[in-house]
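K.L.:
Below is the structure I would like to discuss, written out as C-alpha cells.
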Amino acid sequence: MNIKQPEPFTFESEGERAVLLLHGFTGHSADVRMLGRFLQKHGYTSHAPIYRGHGKELEALVDATPEQWWEDVTASLNHLRELGYKKIAVAGLSLGGVLGLKLAYSEPIKGIVTMCSPMFFDNEEQLTQGFTFKARQYKQLEGKDKETIDREVDELLEESKDMFSQLGDFITSVHDEVDQIYTPAFIIQAEKDEMINKESANYIYENIESDQKDIKWYKNSGHVITMDKEKEQLHEDVLEFLESLDWS
C-alpha cells in the first residue's frame with residue numbers, strides 16, 4: 001500500500017513576525033500543523049520542518065543522528081530568514097522543545113515555547129514502547145503480516161540502540177546548558193504525560209535565566225499536547241505569550 005508521506009509546511013501571513021514550529025521524536029509536521037494554522041490567522045507566519053529520518057518508515061530513523069536534526073533546525077531558521085523574516089520565535093513539542101532550547105542559547109530569537117520537553121533521559125523504556133508502536137502501525141499500513149512485522153520490529157529495536165544512546169547524550173547536553181538562556185520563555189507541560197519525566201518542566205523553568213518566563217500545566221492532556229483535548233486553550237496561551245514579546 002502506498003502511504004502518503006507528510007511534508008514540511010510554511011504558512012505565510014501578512015506581518016513580519018514568524019514562528020518556527022518543531023515536532024517531536026518519531027513525529028512530523030502534523031504534530032504542529034493546527035497550531036501553525038491558528039498562528040497564521042493571527043498574523044504570524046509559521047514554518048515547520050521535518051527532521052531527517054522522520055515522517056517515513058522507522059528504519060529511516062536508525063541512521064539519523066541528533067546532530068543532523070540540529071542541522072535541519074538551524075537550516076529551517078535560516079529558511080525563514082531567507083524569506084525575509086528577521087523577528088522569529090520558536091515553539092517545540094517534546095524533542096522539538098529540546099532543539100528549541102538549544103536554539104535559544106545559540107541564536108538570537110524572540111522567544112521560546114517548550115511543550116512536554118524532556119530534560120532527563122530516564123524514559124528510554126517509554127520511548128522504545130512508543131517507537132515500537134509507531135513501527136508496528138506503519139508496517140500494518142504497508143499491509144505486512146504479523147510474522148513479518150514481529151521479525152522486522154525486533155531487528156529495528158536491535159539496530160536502534162546506538163540512535164537512542166545518541167538521543168540521550170543530546171538531551172543531557174542541552175540539560176547542562178539551559179542556564180545560558182536569557183530569551184523569554186513559556187514552558188508547557190501536560191499532567192497526563194506518560195512519555196517523559198514531568199519534572200523536566202520545573203527544571204527548565206527554574207534553571208533558565210530569562211527575566212520573562214512562565215510555566216503552565218494542562219491537567220487533561222497527554223504527551224502530544226498539540227493534538228489533545230486542550231489544544232484550543234494551548235493555542236490561545238501560545239498566542240498570548242507571543243503577543244507579550246518585544247518584537248521591536
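The values are calculated or read from the model by the stated rules, or taken from the named source; none is laboratory data. Bear in mind that the values here come from a model prediction, so they are computed numbers and not experimental data. Cβ coordinates were reconstructed from backbone atoms using ideal geometry, including for glycine residues, and neighbour counts include every protein chain displayed. For the accessible areas, the whole protein counts, side chains as well, though only heavy atoms, and no ligand, DNA or RNA atoms are used. Shrake-Rupley method; radii C 1.70, N 1.55, O 1.52, S 1.80 Å.
K.L.:
Taking a 29 Å limit on the Cα-Cα distance, which of the listed pairs Lys56/Lys161; Lys110/Lys139; Lys4/Lys198; Lys134/Lys192 fall beyond it?
P.N.:
Lys110/Lys139; Lys4/Lys198
K.L.:
Probe of 1.4 angstrom, ligands and nucleic acids ignored: what's the accessible area per residue over the chain, in square angstrom? If you can, show how the numbers build up before the last one.
P.N.:
On the way: 11530 Å² over 248 residues.
Per residue, the chain has 46 Å² of solvent-accessible surface.
K.L.:
Bin width 10 Å, origin at 0, all Cα-Cα pairs of the range 66-170: what percent of pairs per bin?
P.N.:
Result returned by the calculation: 13, 35, 27, 19, 6, 0.
K.L.:
Given the chain, what percent of its DSSP beta bridges are antiparallel, to the nearest 5?
P.N.:
The answer is about 10 percent antiparallel.
K.L.:
Before anything else, pin down the relative contact order of the chain: Cα pairs under 8 Å, at least 6 apart, normalised by residue count, whole percent.
P.N.:
Details: 476 pairs, mean separation 49.3, N = 248.
Computed over the chain, the figure is 20 percent.
K.L.:
For the range 1-145, how big is the tail of P(r) above 27 Å, as a whole percent of Cα pairs?
P.N.:
Value for the range 1-145: 23 percent of Cα pairs lie more than 27 Å apart.
K.L.:
Also: For the chain, evaluate the Debye formula with one uniform point scatterer on each Cα (no solvent term) and list log10 I(q)/I(0) at q = 0.15, 0.17 Å⁻¹, rounded to two decimals.
P.N.:
Evaluating at q = 0.15, 0.17 Å⁻¹ gives log10 I(q)/I(0) of -1.02, -1.30.
K.L.:
Measure nothing fancy, just the Cα-based angle from helix 231-244's long axis to the longest principal axis of the chain, in degrees from 0 to 90, nearest 10.
P.N.:
Result, in degrees: 40.
K.L.:
Between Lys144, Lys102, Lys231, which gets the highest mean-square fluctuation from a Gaussian network model of the chain, Cα cutoff 10 Å?
P.N.:
Its mean-square fluctuation being the largest, the pick is Lys144.
K.L.:
Give me the percent of DSSP beta bridges within the range 1-135 that run antiparallel, rounded to the nearest 5.
P.N.:
20 percent
K.L.:
Further, regarding this structure: State the percentage of accessible surface on the range 73-228 attributable to carbon and sulfur atoms; use a 1.4 Å probe and exclude ligands, DNA and RNA. Provide the component values of the computation, followed by the final result.
P.N.:
Numbers: 3260 of 7130 Å².
Accessible surface attributable to carbon and sulfur in the range 73-228 totals 46 percent.
K.L.:
Just to be sure I follow: if Rg is taken over the C-alpha atoms of the range 120-175 and Rh is the Kirkwood radius over the same atoms, what is Rg/Rh?
P.N.:
Working: Rg = 13.2 Å, Rh = 12.3 Å.
Radius of gyration relative to Kirkwood radius: 1.08.
K.L.:
Between 0 and 90 degrees, rounded to the nearest ten: what's the tilt of helix 161-175 against the longest Cα principal axis of the chain?
P.N.:
In the chain, helix 161-175 runs at an angle near 20 degrees to the longest axis.
K.L.:
Hey, another quick one. May I ask you to derive the relative contact order of the range 2-116, considering only C-alpha pairs under 8 Å and at least 6 residues apart, and to give it as an integer percent?
P.N.:
Numbers: 226 pairs, mean separation 33.4, N = 115.
Across the range 2-116, relative contact order equals 29 percent.
K.L.:
What do you get for Rg/Rh of the range 33-105 when both radii come from the Cα atoms and Rh is the Kirkwood radius?
P.N.:
So for the range 33-105, dividing Rg by the Kirkwood Rh gives 0.98.
K.L.:
In nm², what is the average projected area of the convex hull enclosing the Cα atoms of the range 91-236?
P.N.:
If you wrap the Cα atoms of the range 91-236 in a convex hull and average its projections, you get 9.6 nm².
K.L.:
Can you give the net charge of the other residues whose Cβ lies under 15 Å from the Cβ of Arg17, counting K and R as +1 and D and E as -1?
P.N.:
Net local charge, Arg17 excluded: -1.
K.L.:
For the Cα atoms of the chain, what angle does the longest principal axis make with the long axis of helix 95-104, in degrees from 0 to 90, nearest 10?
P.N.:
Roughly 40 degrees, rounded to the nearest 10.
K.L.:
On to the next question. Only helical DSSP H runs with n ≥ 4 go in: add -39500 (n - 2.57) per run for the chain, normalise by residue count and round the 222 nm mean residue ellipticity to 500 deg cm²/dmol.
P.N.:
-14000 deg cm²/dmol
K.L.:
With +1 on each Lys and Arg Cβ and -1 on each Asp and Glu Cβ, how big is the dipole of the chain about its Cα centre, in debye rounded to the nearest 20?
P.N.:
Here the size comes out at about 900 debye.
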